[in-house]
Amino acid sequence: GHTAAIIEMKLLKDMKMLSADKNGNILIWDLKDSVLISSLPKLNDDITCLSVTSDEKFLFVGTGLGYVSLFDLQEGKLLKSRFLKESSKVTALCVLDNVKQIAIGTKSGKLSFYKFLPDEKELVSQLRNKEYLGLYTAAQENPLLLYSPVLIQLESLWKRSFSKARQMLKLNQKLNAEILLEPFKEVKEKTILIENLFLDYKEFNQFKSYINEKKYFLAYPISLRCKHFQDTDPYRVMENEWNVQFNKAKVYIMQKEGDTKVRSLLSDFKGISQKSVLIQDLFKQRTAYMLFKKKLAQKDYVALFMLLDKYPFIKEFDEYQKLIEYADEIYIKAQDALDKKKHYEALSFLNILLAFPEFKVDAKEIIANTKIMQKFIQAFDEMNLSVLYEMIRKSPFLMQESEAKYLEKNWKSHLLLAEKFAAKADLVNVIAALEDFFEIKAKFLSIALVVKQVYIIQLNRALKANKVKLVLENAIKQYLIFFGLDEFVVYFIKQMGTDIELSKLQKGDINMFRPFMIIPEIVI
């Protein structure tokens, strides 16, 4: 992901990682999946070091020109490229969360400490005294203030005040609205919003009058110009009227000589460009709409979505919304059938969803997994262990199934029994306990470890019985072929007191051990 030398990397929670290069690029990685998550805005300076707050919300970046830049890690945005300035290259950064400070080391040997935020008591005092301009100005200098409880409270107060002022203006209480918003008028960004609000509401009475007189063609342009009006009762009355009449029109348009009724129903909305498009489509695309309803009744979903691609206006109709709701219901039913292991029923639902573009990819994947599940259950009923374990290897999601959990429990009980026999070097009963699994590749290593334990005991017993050295050496050679060189071999040879040269002996690998290689005695 980088095109220049990587300067520093930082591990984050949940297997995430930051990496920064010399040219000012900072990337965020997901180490679990080995993929790049995102890139932070590039800095026009050489990056020298990084430091992250303990909650991983903020990233501080030191640069070659002596700046410390500030990023919001959660939003992935640059809050301030020149948050702090030093007189020489920044060589080290350390966030001291407990005291809300950052320590900065520079090339000149200087060590500086800076507070993240001013004293909270001072901020609270400014809030109480309605010194909003000072608070917002300070937040421009130090973006971290925007995340402080005081500024969050101030923004919440602004939103409540602005909303309340709108309600007052609706009731012609202009003076009260002005008094309410007065403390925010000194703040430039808020002043513009306040001025626009009062400017808009000069037209509110006229807007209501147009709606009361059903002069919608005059009311709509005002609602587009004054967006606040779209959240008022008069606007909602007008939109509700449109929905009622348009739904009636959709019924009449399908009737003989229904055009006249449709034009009469929708006459109040003539001249409104947003509605005119829908009205024209209703007339022009009547054939397409009738075909849509026909295909819907026939449940021919493939043809339906081909029609929708060609005539997207149909998505504005209630029937389309009901179609999408139907797809959601089918998806829920499919999941419910899967939970109850009713695979054939689930497949019937999922095959329907293949016709729905939004569900097609998911449905294909679930169908594939369901078919695997069916084969798995069939193999389980036949207790075909080699097939079962091979399926689990290829499709790990099967491990969540009760059948797979039963298999694992069954395997562990056999393994535990085999280990008990292995502790007594009873190879006959070890084989009896594990032979059902001799064809299961996934279990070869576990079987090898149990057999290895038996052979170690056999070798130790032979050593205590003072077996001939040549016999012991041959046994060790066989052990090496089976399991390779390990600590036991080194220890055993030392106990034997032999000068056998290990480097010249053939060595195998325990991972290559197979059950057919088992011999009754390693010491012969």
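Observations, loosely collected:
- Among the residues of region 1-49, those identified as in contact with a Phe, Trp or Tyr (Cβ under 8 Å, 6 or more places away or on another chain) and farther than 28 Å from residue 107 by Cα are 1, 16, 35, 36, 37.
- Scanning region 313-328 for residues that are closer than 13 Å to residue 250 by Cβ and either in contact (Cβ under 8 Å) with a residue 40 or more places away in the chain or among the small types (Gly, Ala, Ser) (or both) yields 317, 318.
- In region 256-267, the residues that are touching a helix residue (DSSP H, G or I) at 6+ places or on another chain (Cβ under 8 Å), part of a loop (DSSP other than H, G, I, E, B) and over 15 Å from residue 316 (Cβ atoms): 258
- Tallying residues that are open to solvent by 40 Å² or more (accessible area, probe 1.4 Å), touching a residue at least 24 places away in the same chain (Cβ under 8 Å), within 17 Å of residue 316 (Cβ to Cβ) and of a type outside the set (A, V, I, L, M, F, W, C) within region 268-284 yields 1.
- Matching option when the condition is open to solvent by less than 50 Å² (accessible area, probe 1.4 Å) and not in a loop (DSSP other than H, G, I, E, B), among 36, 27, 11: 27
- Residues of region 492-513 that are of a type in the set (S, T, N, Q), open to solvent by 80 Å² or more (accessible area, probe 1.4 Å) and either free of Cβ contacts under 8 Å to residues at least 40 places away in the same chain or farther than 25 Å from residue 443 by Cα (or both): 495, 503, 506.
- Of the residues making up region 301-351, those that are outside any helix (DSSP H, G or I) and surrounded by 13 or more Cβ atoms within 10 Å (Cβ to Cβ) are 311, 317, 341, 342.
- Residue within region 410-428 that is acidic (Asp, Glu), surrounded by fewer than 16 Cβ atoms within 10 Å (Cβ to Cβ) and not in a helix (DSSP H, G or I) present: no
- Filtered by the rule that a residue be in a loop (DSSP other than H, G, I, E, B) and either within 23 Å of residue 418 (Cα to Cα) or at pLDDT 90 or above (or both), region 486-505 gives a lone residue, 486.
- Some residue of region 50-66 being closer than 19 Å to residue 111 by Cβ and open to solvent by 40 Å² or more (accessible area, probe 1.4 Å): yes
- When residues in region 196-252 are screened for being part of a loop (DSSP other than H, G, I, E, B), modelled with pLDDT of 85 or more and not basic (Lys, Arg), 1 of them pass.
- Candidate set: region 433-474, residues that are small (Gly, Ala, Ser) and touching a Phe, Trp or Tyr at 6+ places or on another chain (Cβ under 7 Å); chosen: the one nearest to residue 396 (Cα to Cα): 442
- Neighbours by Cβ (under 9 Å, 6+ apart or cross-chain): first from region 125-141, free of Cβ contacts under 8 Å to residues at least 40 places away in the same chain; second assigned to a loop (DSSP other than H, G, I, E, B) and open to solvent by 80 Å² or more (accessible area, probe 1.4 Å): 125/131
- Matching residues in region 67-94 - criterion: being in contact with a Gly (Cβ under 7 Å, 6 or more places away or on another chain), part of a loop (DSSP other than H, G, I, E, B), of a type in the set (D, E, K, R) and open to solvent by 30 Å² or more (accessible area, probe 1.4 Å): 89
- Only residues that are among the basic types (Lys, Arg), touching a Lys or Arg at 6+ places or on another chain (Cβ under 7 Å) and more than 19 Å from residue 47 (Cβ to Cβ) were counted in region 79-124, giving 2.
- So residue 299, is it at positive phi and under 37 Å from the mean Cα position of the chain (by Cα): yes
- Of the criteria (1) open to solvent by less than 20 Å² (accessible area, probe 1.4 Å); (2) within 30 Å of residue 62 (Cβ to Cβ); (3) among the hydrophobic types (A, V, I, L, M, F, W, C); (4) at pLDDT 85 or above, which one residue 145 fails: (4)
- Only listed residue being open to solvent by 80 Å² or more (accessible area, probe 1.4 Å) and touching a residue at least 24 places away in the same chain (Cβ under 8 Å), chosen from 182, 186, 241: 186
- All positions within region 463-491 that are farther than 21 Å from residue 443 by Cβ and in contact with a Lys or Arg (Cβ under 7 Å, 6 or more places away or on another chain): 480, 485
- Note on region 463-477: residues that are part of a helix (DSSP H, G or I) and surrounded by fewer than 18 Cβ atoms within 10 Å (Cβ to Cβ) amount to 8.
- Test: residue in region 429-451 that is open to solvent by 30 Å² or more (accessible area, probe 1.4 Å), assigned to a loop (DSSP other than H, G, I, E, B) and within 30 Å of residue 390 (Cβ to Cβ): yes
The values are calculated or read from the model by the stated rules, or taken from the named source; none is laboratory data. For clarity, every value in this text was computed on a predicted model and none was experimentally measured. Neighbour counts run over all protein chains shown; Cβ positions are idealised from the backbone, glycine included. Calculation scope for accessible area: heavy atoms of the full protein, side chains included, ligands and nucleic acids excluded. Shrake-Rupley method; radii C 1.70, N 1.55, O 1.52, S 1.80 Å.
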